[in-house]
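In what follows, a structure is listed as structure tokens, so that the remarks can point back to it.
What follows draws every value from the coordinates through simple rules; no lab data is involved. Note that the structure is predicted; figures quoted are calculated from it, not measured. Here the Cβ positions follow ideal geometry from the backbone for every residue, glycine too, while neighbour counts run over all protein chains shown.
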Ligand code: SAH
């Protein structure tokens with residue numbers, strides 16, 4: 001089984017520094033089920049091609065695997081493992097190229113993050129789910145995918161196609177990114193069981209996937225397959241991936257709630273973002289705009305959902321947009337992913353053509369930052385001119401403030417809040433808008449509901465009414 005890695009960005013032999021393998025030598029590493037040999041096909045200024053030859057020892061395999069009641073009797077002796085790229089290939093990559101995979105380069109550390117012009121070839125990759133599935137895994141990461149499917153047996157064409165492919169992938173990324181993608185996605189394609197999956201695998205997956213898995217549109221199936229469909233482990237990993245972005249949420253209520261209740265405070269902002277995302281999802285929105293997107297927390301959640309084809313973020317604050325750009329890793333996205341997202345600077349108090357024509361819009365904890373008189377301008381910008389098919393809008397519930405530790409009459413949750421509304425005030429305002437601009441509106445609490453004062457936050461979902469047919473006169 002061969003994996004070849006080619007770099008054509010000059011000086012091409014930089015690849016050999018990154019792989020920590022000398023171009024003039026053949027080197028071998030021991031694996032639990034065989035050996036991996038590394039050598040070069042070519043190493044000059046124009047092109048450098050490293051080859052990893054995986055030499056599985058079928059006897060060793062049986063020894064390691066042990067009998068398995070579900071297999072047919074000969075499976076441990078007769079199988080495709082020695083001839084295909086599987087989790088053994090991931091193990092070989094981790095062992096043979098451990099520095100590169102972990103982002104270290106002793107001699108030329110400046111190369112680690114540099115995108116090279118890379119092409120890899122996997123001689124035989126089993127893909128359960130076929131070429132379409134293969135593309136769904138690699139294309140969102142920016143790869144150009146070329147796959148050749150093999151027949152089961154050339155002499156018996158009637159038997160049809162096999163699940164084996166020769167795969168060539170091209171991309172302009174760093175070697176570390178390439179290896180971390182292969183490490184995780186090869187066993188995902190194969191979807192077979194070879195070794196015991198433990199909690200330790202969850203950690204490995206999260207470590208190797210840290211820069212790309214949380215925003216990959218197929219993250220769920222990747223996690224489930226990688227963890228061999230062990231539901232509890234997969235759920236654990238998905239939970240971490242989803243909450244990773246929320247860890248750094250330092251919401252505004254923190255100022256009022258004091259340091260005693262940080263968990264409550266993190267939870268409520270998380271709940272608001274999730275509630276907004278779910279409202280946009282269940283309305284079937286494809287193109288969404290996050291108005292007052294702040295540091296891009298909601299956008300990050302939205303981009304992880306493939307239902308959203310395009311996500312635009314707008315904020316008046318340039319600084320917030322810069323933080324959002326980092327959080328969303330806009331500079332490191334593949335072309336396909338980066339076409340799904342834009343950040344623009346703009347104010348919600350002026351009509352703006354760039355936010356017109358969207359199915360859905362979110363305004364999460366934004367209105368209370370505007371002076372009351374400016375709110376009328378926001379209303380028109382959003383509901384009269386931009387006129388999205390639906391709007392999800394949240395704002396604090398002022399009644400809840402009495403439950404905070406250092407409550408003082410009239411004190412707001414954040415120094416930049418210009419007002420905070422009771423449930424009644426919010427409902428009156430929102431119903432007026434719905435009436436004036438032909439929307440239907442419904443309200444729900446966000447977060448735990450206190451029987452007396454309601455929830456911490458409140459949410460309104462507006463849906464544009466279908467235009468009445470012109471009556472025939
Ligand atoms: N929606 C984000 C941020 C909420 S904070 C979140 O939930 O995480 C409020 C945001 O509204 C700030 O980022 C602020 O810059 C933005 N904002 C305030 N006035 C605005 C205006 N007139 N136009 C656009 N954005 C505005």
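Some notes on this structure:
- Cα long-axis angle, helix 175-190 against the chain (0 to 90 degrees, to the nearest 10): 80
- Nearest-0.05 FRET efficiency for residue 230 and residue 372, computed from C-beta distance (R0 41 Å): 0.15
- By definition, a body whose alpha carbon gyration tensor gives a ≥ b ≥ c is oblate when a/c is 1.5 or more and a/b is not larger than b/c, and the stretch 249-472 fits this oblate description.
- Take every pair of alpha-carbon atoms less than 8 Å apart whose residues are at least six positions apart; their mean separation over the length of the stretch 124-194 yields a relative contact order of 40 percent.
- Helix 423-437 axis versus longest C-alpha principal axis of the chain: approximately 90°, rounded to the nearest ten.
- Each of residue 353 and residue 329 was given a label point 7 Å from its Cα along the Cα-to-Cβ line. The distance between the two points is 3.5 nm.
- Relative contact order of the chain: 10 percent, from C-alpha pairs under 8 Å at least 6 residues apart in sequence.
- Acute angle (nearest 10 degrees) that the helix 318-327 long axis makes with the longest principal axis of the chain, alpha-carbon atoms: 30
- Among 105, 48, the order by Cβ neighbours within 10 angstrom, fewest to most, reads 105, 48.
- For the chain: rounded, prolate or oblate by the Cα gyration tensor [a/c cutoff 1.5]: prolate
- Cα pair distances exceeding 15 angstrom across the stretch 109-150, given as percent: 53
- Ranked list, fewest to most other Cβ atoms within 10 Å of each Cβ, for 320, 189: 320, 189
- Take every pair of alpha-carbon atoms less than 8 Å apart whose residues are at least six positions apart; their mean separation over the length of the stretch 315-408 yields a relative contact order of 29 percent.
- Order of 133, 358 - criterion: other Cβ atoms within 10 Å of each residue's Cβ, fewest first: 133, 358
- Estimated from helical segments only, the mean residue ellipticity of the chain at 222 nm is -9500 deg cm²/dmol, where each DSSP H run of four or more residues counts as -39500 (n - 2.57).
- For the stretch 2-195, taking the reciprocal of the average inverse distance between every pair of different Cα atoms yields a Kirkwood hydrodynamic radius of 17.5 Å.
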